[in-house]
Every structure is written in C-alpha cells, then in structure tokens.
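The values are calculated or read from the model by the stated rules, or taken from the named source; none is laboratory data. Predicted, not measured: the structure shown is a model, and the values here were computed from it. All Cβ positions, glycine included, derive from the backbone under ideal geometry; neighbour counts span all protein chains shown. Heavy atoms of the whole protein, side chains included, go into the accessibility calculation; ligands, DNA and RNA do not. Shrake-Rupley method; radii C 1.70, N 1.55, O 1.52, S 1.80 Å.
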Amino acid sequence: MPIKKIAVLVSGRGSNLQAIMDNIENGRINGKIEVVISSSRDAYALERGEKHGIEGIYIGKDRFPNIDKRNNRLIEVLGEKGIDLIVLAGYMNILNEKIVKLYRNRIINIHPSLIPSFCGKGFYGERVHKAVLDYGVKLTGATVHFVDEGTDTGPIILQKAVEVDFGDTVQTLSKKVLKVEHELLPLAVQMFCQDRLEVQGRKVIIVDGD
Ligand code: GRF
C-alpha cells in the first residue's frame, strides 16, 4: 500500500502533531507528513515539525485576510504536495466549503469533548472544558471525526470518555482529555493510512486490516 501523504494544520502548541510524528517514527502509521501548515506565525508546532525535518508554512490572516483567498492558498499548497490526508490538530481557522468538498472524507479533526456535546461554534480550546465543568457532566472525552461543511458535525471516527472528578479544574481536565487525544488522533490517522475507514452516511465503519 503506498504511503499516504499527510498535511497537519496547526495553530499553537502542537502536542497532537507530536503524537502523530512519534507514531510515524515508531512505524505504527504508514504515512509521511509532507508539510505542517500554521495559521499562527509563532506556533510552537512549526518548531516541533522542523525538529523532525518537516517543512512548515505559515498561512495566516495578516497575509490573507480574506477566508477564500486563504483557503485558495491552502488548496494550492496541498495540491503541490499531493496530499492524501489533512489533519486538523488544534487548527483555529475555518476551512471553506471548497476545500471540504475537494477533500471529502480526507480531513480529520480532533475535538476535546464527546460530540455532539460541547461542540460547534464558540466551543474551542479551554472554553470546552469550562463549559463541561459549568454544566456538571460526569463524563467528557475526545472525538476524532471527518470534517464536513458544519462545525464539528462530520462523521465520527473514534471517541473515548474521560471521567470528570469533583475538584477538576479547566487545567486538570484539559490535561486528562489531551492524554486521550494523543491516543485517538494517531490511531485514526493510522487507520486512515491503512484504508480501514469507510464512510456510510453519518457512520464510519472501521474495517479489519490485512
Ligand atoms: C487540543 O485540545 C485539540 O483538541 C484542540 O486544540 C488543542 C490543540 O492542542 N482542538 P495541541 O496544539 O495539539 O497541543
């Protein structure tokens, strides 16, 4: 099976990018990250990529204030690199319909809650964990899903729950959820690269590997 070419889109710290790079290096993922694209010029994720010899490209609002122009630039770069899979790993920008259509079922996102709870517009970063704590739910978790035209609405690939303990803070909860993100995201990427993810309507079927 040919190695899948991956683009990882980031905006900040890049711990999920790190988890993917580690799983490529230990041979679990049959893929290669061709490029790390950041919406923020000083994202630590760009440095992490460079340390592993991966090219980093900044495509941000100051250079491309218009969302469609920004997405067109993205499409250009992804096309030039022959990308098979786009991974949104803490990417804080919206992809437009054009790119979603072009890469249908080939864009994966990680969200730090159990979708469809605590997701959608306005639910990102620490806000998700704050909303979880304010609501008082006993379980939260992480979700990896394909990206469609909505916000956090695409077919779900993997989910795992995390218990919310009395006394948890945004910091302790985000740390627990992040640990699960680092398990789920590389696993989903691994299965994509093995051609094991089949989308049937809203459902993602995980087929057996060889
Ligand atoms: C993660 O919590 C992810 O779920 C969210 O943004 C955070 C990114 O963390 N979308 P990192 O940049 O991968 O460390």
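Identification of strands (runs of 3 or more DSSP E) wholly contained in region 135-210 with 2 or more residues that are open to solvent by less than 30 Å² (accessible area, probe 1.4 Å) and not charged (D, E, K, R) yields 139-146, 156-163.
Looking for something within 13 Å of the ligand (Cβ to nearest atom), farther than 20 Å from Asn16 by Cα and not basic (Lys, Arg) - is there at least one such residue anywhere in region 127-142? Yes; the residues of region 127-142 include at least one that is within 13 Å of the ligand (Cβ to nearest atom), farther than 20 Å from Asn16 by Cα and not basic (Lys, Arg). When Val36, Val10 are screened for being crowded, with 19+ Cβ neighbours inside 10 Å and either polar (S, T, N, Q) or touching a residue at least 60 places away in the same chain (Cβ under 8 Å) (or both), only Val10 passes. When Lys175 is tested against (1) within 17 Å of Ala19 (Cβ to Cβ); (2) in contact (Cβ under 8 Å) with a residue 12 or more places away in the chain, only condition (2) is not met. Please go through region 80-101 and give me each residue that is over 19 Å from Val204 (Cα atoms) and either polar (S, T, N, Q) or more than 16 Å from the ligand (Cβ to nearest atom) (or both), ordered by number. Residues satisfying the conditions are Glu80, Lys81, Gly82, Ile83, Asn93, Asn96, Glu97, Lys98, Ile99. The requirement of being within 12 Å of the ligand (Cβ to nearest atom) and open to solvent by 40 Å² or more (accessible area, probe 1.4 Å) is not satisfied by Phe64.
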